[in-house]
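Okay, structure first, notes after.
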Amino acid sequence: MKSKLISAGFLFVLWSALILISCSKDSGYGSSNTNNNGNNNQSNAVSIDNMAYSPSSLTVKAGTTVSWTNNDNVDHTVTANDGSFDSGAIKTGSKYSHTFSTAGTFSYHCTFHSNMKASVVVQ
Ligand SMILES: [Cu+2]
C-alpha cells in the first residue's frame with residue numbers, strides 16, 4: 001500500500017517534469033526560428049530603384065552581410081564615402097554584397113549620380 005502510493009507520486013512528478021521539458025523545448029525552438037528568419041529576410045537587403053537606395057538608412061548588427069539589388073533601368077554603384085567598399089557598376093537585375101564586421105555608420109553613394117546617398121548603421 002505504502003509503496004504503491006510512493007510509486008504513484010514518483011510517476012506524477014516524472015510526468016510533470018516531462019511535460020515541463022517538452023513545453024519549454026517547443027516554445028524556445030519555435031520563437032528563435034521565427035526571429036532568425038524574420039531578421040535575415042527583412043533587414044539586410046537594399047533595393048536600388050528610381051535613382052534611390054531603399055531603405056536609405058539601414059541598421060544591422062556587426063557581421064551582417066548586406067546585399068544591394070539594382071532594380072532600376074540604369075547602372076548604379078554602392079561606393080563607401082570612406083573608400084572601405086566599392087561595388088563598381090551594378091547592372092540592372094544584378095546584386096552586390098558587403099559584410100560589415102565593425103560597428104559604425106557607413107555612408108555611401110553612387111559614383112554615377114551624386115544625388116544618390118544612403119547609409120548603413122552597424123551596431
Ligand atoms: Cu546611380
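Read-outs throughout are calculated quantities, based only on the coordinates presented, and are distinct from any laboratory measurement. If you're wondering where the values come from, they're calculated on a predicted model, not measured in any experiment. Heads up, the Cβs are rebuilt from the backbone with ideal geometry, glycines too, and the neighbour counts pull from every protein chain shown.
Quick notes on this one:
- Label-to-label distance for Asp82 and Thr102 is 0.6 nm, based on points extended 7 Å past Cα in the beta-carbon direction.
- Peptides 82-88, 71-77 ordered by packing proxy, namely the average of other Cβ atoms within 10 Å per residue, highest first: 71-77, 82-88.
- Electrostatic bookkeeping for Thr92 treats Lys and Arg as +1 and Asp and Glu as -1; over the other residues with beta carbon under 13 Å from its beta carbon, the sum is -1.
- FRET efficiency estimate (nearest 0.05) - Cβ-Cβ, Lys61 to Lys91, R0 35 angstrom: 0.75
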